[in-house]
Structures are given as structure tokens and as C-alpha cells.
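What follows is one structure encoded as C-alpha cells, with my remarks underneath.
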Amino acid sequence: MESNEHFGSPHDSLPPGHQPSPIIPEVVKPTAGRPRRRLIGILGWIGLLICFLIIGVQGLLLVAHGISFGGYDSSEGIEDKSVSFPASDIKGGFGSDKIAIISVSGVIMEGDGFVKRQIDRVRADNKVKAIVLRVESPGGTVTGSDFIYHHLKRLREERDIPIVVSMGSVAASGGYYVAMAVGDRKDSIYAEPTTTTGSIGVIIPHYDITGLMKEWGVKDDSFASHPRKQMLSMTREISPDERKVLEAYLGETFARFKEIVRAGRPALRDDEVKLRKLATGEIFTATQAKNEGLVDQIGFIEDAIERAIEVAGLEKDDVHVVRYERPISLFDFAGFSQADAVKLDLATLFELTTPRAYYLTTTLPLLLSTYSR
């Protein structure tokens, strides 16, 4: 049976002579944002995994350093490590009494870092009977140097514990300032034969670039509540009135330095003429410093340790020497030390360019410094 239905082309009904339009298949384009969202999602999961790894590693480090989450460790996980000196009869070991080496190294900034944690560790350890303060520093800020001095002096007085200083290659300005924490004990400061020390003085770095600005047509158009607000700006000359203000500030800070030297150097306490002669910012060799009474003996750290054992009334065979190490960080796993991690952000730039007074043996700006922490 034949069907009456007609299955013709859709163009059969077009008028004669009319050309049909070509049929173009519709192409479904993928959404442009879909691959991007997928990539962001993958990166997010990767970031989350890295965070978990960091938290896990830090947790293991805390456990390895014996830090409990239920208490507070003011030393923040630093460890003491026994050390020995093969060239002498000072040995490492597990004697009942400790001689602790507290290290002050590098440029001193705020002072409340690694040095302070070493001090806190000694304060909490009753086995420590004497301290050897190892100074390897050209100095730093007035506040940072005084902060370390204050806490060393407080530790010495509270624990009734002797301090003997061992100076390394340089122990000048703020480095010499912190060495005065020994008090007035006889034969308490040792300098190595090649030590550079002294530099008793204060400096406020200032650089005048107004000539360069005139040459390049640059003008400082800053707004300030008072002209003195900008008196240490590199873009303005210092007026005679401003110089008087700065000299008064410098004089008071310098007087503090000399007061600290008198406390640590009994021979200079009543000899103002000699102290004035030495407190010119001049640096001295170890021999010169000994002749002037700035140090007591020329010797190495072993000599300072033996003196610490002697003044503490200890027996060499029943003593072991320890020094403190920074806690392990993620920088160490990556092959970098914390000192290599330079933070170049806006806050750091403002900090390094802030006018301040220094007990420091340099006139260069502190564009990059090693923090004594």
C-alpha cells in the first residue's frame, strides 16, 4: 500500500529562481572562563597542600626542640650545644656546671632577638655558673645596644653570675658598650691580638643631596607640621638652629655612653681627662686598648673561659662549655640561613631611612645590615 505522505526537501517550496542559503552547522564554542577556573582550582589545591606541609614541618620542629604547646618558652627553642677546645684542656661534656657562651654578632639593631633569647635561656638554667660574652660587632643603634647591656647587667646581678668578655675581630662602639656589662671585676675583658675596639662615640648619619637636586631640577615639596620635623631630611640643608637641637640630643646620648664606660672600667671612673681623650670615636688595636685600660688582657676565647671558671670558683674537670644555636627554620631546609633572608618591603625601607643615633663604627647608611637577634 502506497503512502500519501511526501518527504521532500525543505527547499521544494521555494519560488523558482530563488537560491537557497547554505546550511552552516552550528559550532558550540567552549566557555572561555572554564579552563581558567580549572587552573585556579588546581593552584588553590596545590597552595593548600603546601600550607599543610609547612604546618606539619613546623610542628615536627617544635616537637624536636622540646617546645610544649601548654607553656611558654621565652628562648623560643634555642638549644645549647657542648663545645670543646682541642688546643687547651677545656673540654665539652656533661659536667654538673656550665659555662655559657652568649654571642653578640653583627650590627645591633633592636636587640630583642637572638641575644635576648640567649640571656633568657641562661636565666632559666641554674646549672650555668658563669658567662663568656663573645662580642663580634661594630655596634648599632643606641637603643639596641643599651637594651642588650641592660639585660646582661640585670642577669649578672639577679643570678650573681660573673661575666667575662671575649672580643673577636671587632668589638667597637655599641659592641664595646655591651661589653661593659662585666661590671668592675678585675681581668674581665679579653681581646684577641687582632681585635679592633674602642670607637666610643655617637653618630647621626645625614646626607645632603640638595646640590644634586638643584642640578636635576628636583624640589622637595613635602608638608610638615613644623620645619624641625624635616631637619634630618636629605633633601634639606640643616639650619644653625637645627644643629643646636641635634648637638644637644647627641650630647646627652654621648654622656650615657661615657657613664656606661665608667661603670665597666674602674680605672677610668675618676679620670675624666683620660676618658675624654679616649672617647673621640677613635678605634684601637688590642695592644693600644690594653695600654689605655679599655681591655684587661690579650687572649683568645679559651683564655676568657678559663678566667670565667676561675672567678666562678669551679673545677675544670667538672665543667662543660655550651654555646647557643638558633632554632631550625624552613630557610635552613631550603639551604638558606635566616641572615640571608633579606626583607625588602616598604616597612623595611622606612626603618632603614629613619634618622636615629648610632653607636656604630661606620658613616655609611644602613641600607643592608645583619641583625643581632
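Within segment 187-218, being aliphatic (A, V, I, L, M) and either assigned to a loop (DSSP other than H, G, I, E, B) or out of contact with any strand residue (DSSP E or B) (no Cβ under 9 Å at 6 or more places or on another chain) (or both) holds for I200, V202, I204, I209, L212, M213, V218.
If I ask for residues that are under 21 Å from the mean Cα position of the chain (by Cα) and part of a loop (DSSP other than H, G, I, E, B), which ones from segment 111-161 would you list? Selection gives G111, D112, G113, P138. Only one entry of D221, D184 meets the criterion of being in contact with a Gly (Cβ under 9 Å, 6 or more places away or on another chain), at negative phi and outside any strand (DSSP E or B), and that entry is D184. Just one of the listed residues (G111, G77, G144, G95) is crowded, with 16+ Cβ neighbours inside 10 Å and at pLDDT 90 or above, and it is G144. Out of L268, L278, L212, one residue alone is closer than 29 Å to L152 by Cα and free of Cβ contacts under 8 Å to residues at least 60 places away in the same chain. It is L268. V170 satisfies every condition listed in (1) within 22 Å of the chain's Cα centre (by Cα); (2) over 15 Å from V104 (Cβ atoms) except (2). Among the residues of segment 279-329, count how many are acidic (D, E) and surrounded by 16 or more Cβ atoms within 10 Å (Cβ to Cβ). Counting residues in segment 279-329 that are acidic (D, E) and surrounded by 16 or more Cβ atoms within 10 Å (Cβ to Cβ) gives 5.
Of the helices (runs of 4 or more DSSP H) contained entirely in segment 255-373, those carrying at least 2 residues that are modelled with pLDDT of 70 or more, more than 18 Å from L133 (Cβ to Cβ) and not charged (D, E, K, R) fall at 266-269, 272-278, 286-292. If the condition is being within 30 Å of V311 (Cβ to Cβ) and either aliphatic (A, V, I, L, M) or buried (at least 17 other Cβ atoms within 10 Å of the Cβ) (or both), then segment 193-240 contributes T195, T196, T197, G198, S199, I200.
The values are calculated or read from the model by the stated rules, or taken from the named source; none is laboratory data. Computed from a predicted model, the values in this text were never measured in an experiment. Note that we place each Cβ from the backbone using ideal geometry, even for glycine, and neighbour counts take in every protein chain shown.
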